[in-house]
Amino acid sequence: MGGLDGKVAFITGVARGQGRSHAVRLARDGADIIGIDICADIEANHYAMATREELDETIELVEAEGGKMLGTVADVRDFHQVKTVLDAGVEHFGRLDIVCANAGIAPVAFRQLSIEEELAQWRAAIGVNLDGAYHTAWAAIPHLLAGQRGGAIVFTSSTAGLRGFGGLQGGGLGYAASKHGIVGLMRTLANTLAPFSIRVNTVHPTAVRTMMAVNPAMTEFLENYPEGGAHLQNPMPVEMLEPEDISAAIAYLVSDEAKYVTGVTFPVDAGFCNKL
């Protein structure tokens, strides 16, 4: 028996990385999963996005934990796609309790970009990270309210949502701006939804071993920009966290053990945000 038995979680960006890890962990704790992923590349982004095959693998991993999962291809930048999938998932499972707005990208490039490329990077980062978080919450809140059981929303922000770094390119600026914007969205929703026992928090990971952080363009960016190198190292002796480390924080924040935790920026960062 798990602490989330009978509950249903909606997770975006679920095909791989942190989203997959969250789905597996919450399924292990007893939840069923409604999951979406774009399963297509975004032109302004510099690394390959997840595939339909990876989404199917996530479904298999959830089922291996004893959970049930509806996994669907959808783009968080399109509210109507998100709403359609979530409405169908709630119709299927009969309820919604947990929301993990996890989908995100971090477009960077270690070269001079044209203004068109800069704007495309900015718009892609804002569209997926911030618009996507809003669309996820806005599609989910009516279901949480209708259930009259409370609930938990966790937005995936970043250490870049609490500290000022990201460089001068459109992608880095868009990433930092979007991850800061998620905090404002969280704080406002936490206040508004508290009377309904719906808790809203953000989680702020340092670098996590996923495709976002481990790809040639990101490696080159971090090695060559002035704010890279030692500036972005964690005080604790770990270069990168594993997705499961973030999932452990998610599992706590959505559990009854955190039933009075809301409006919190929750770093899982090996001390990164605390250092001078």
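The values are calculated or read from the model by the stated rules, or taken from the named source; none is laboratory data. Small disclaimer: the values here were computed from a predicted structure and weren't measured. Cβ atoms come from the backbone with ideal geometry, glycine included; neighbour counts cover every protein chain shown. Heads up: the accessible areas ignore ligands, DNA and RNA and are worked out on the full protein's heavy atoms, side chains in. Shrake-Rupley method; radii C 1.70, N 1.55, O 1.52, S 1.80 Å.
Residue count for the range 1-38 under the criterion of being crowded, with 23+ Cβ neighbours inside 10 Å, under 13 Å from the mean Cα position of the chain (by Cα) and part of a loop (DSSP other than H, G, I, E, B): the result is 3. Just give me the residues in the range 131-164 being open to solvent by 40 Å² or more (accessible area, probe 1.4 Å), under 21 Å from Arg209 (Cβ atoms) and among the hydrophobic types (A, V, I, L, M, F, W, C), in sequence order. Result: Leu162, single match.
Evaluate the following for Leu119: is it touching a Cys at 6+ places or on another chain (Cβ under 6 Å), farther than 30 Å from Gly94 by Cβ and open to solvent by 20 Å² or more (accessible area, probe 1.4 Å)? Against the criterion (touching a Cys at 6+ places or on another chain (Cβ under 6 Å), farther than 30 Å from Gly94 by Cβ and open to solvent by 20 Å² or more (accessible area, probe 1.4 Å)), Leu119 does not qualify. Of all residues in the range 144-165, one or more are farther than 30 Å from Asp5 by Cα, among the β-branched types (Val, Ile, Thr) and at pLDDT 95 or above. The combined condition, being of a type in the set (A, V, I, L, M, F, W, C), open to solvent by less than 60 Å² (accessible area, probe 1.4 Å), modelled with pLDDT under 95 and under 22 Å from Leu185 (Cα atoms), is not fulfilled by Ala101.
A Cβ distance below 7 Å, combined with a sequence gap of six or more or placement on separate chains, defines the contacts here; from the range 197-216, residues that are in contact (Cβ under 8 Å) with a residue 60 or more places away in the chain and more than 15 Å from Lys179 (Cβ to Cβ) reach residues that are open to solvent by less than 30 Å² (accessible area, probe 1.4 Å) and among the aromatic types (Phe, Trp, Tyr) in the pairs Met211/Tyr47; Asn215/Tyr47. For Val82, are the conditions met, namely being touching a Phe, Trp or Tyr at 6+ places or on another chain (Cβ under 9 Å), on the phi < 0 side of the Ramachandran plot and at pLDDT 95 or above? Spelling it out, Val82 is indeed touching a Phe, Trp or Tyr at 6+ places or on another chain (Cβ under 9 Å), on the phi < 0 side of the Ramachandran plot and at pLDDT 95 or above. Scanning the range 1-40 for residues that are charged (D, E, K, R) and within 19 Å of Ser255 (Cα to Cα) yields Asp5, Lys7, Arg20, Arg25, Arg28, Asp29, Asp32. Answer yes or no: is there a residue in the range 57-65 that is in a loop (DSSP other than H, G, I, E, B) and over 15 Å from the mean Cα position of the chain (by Cα). Checked against the condition, which is being in a loop (DSSP other than H, G, I, E, B) and over 15 Å from the mean Cα position of the chain (by Cα), the range 57-65 yields at least one hit.
Results for (1) out of contact with any His (no Cβ under 8 Å at 6 or more places or on another chain); (2) at pLDDT 90 or above; (3) of a type outside the set (Phe, Trp, Tyr); (4) in a strand (DSSP E or B), shown as yes or no for each residue.
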| position | (1), (2), (3), (4) |
| --- | --- |
| Leu168 | yes, no, yes, no |
| Thr192 | yes, yes, yes, no |
| Glu220 | yes, no, yes, no |
| His231 | yes, no, yes, no |
| Tyr260 | yes, yes, no, no |
| Ala270 | yes, yes, yes, no |
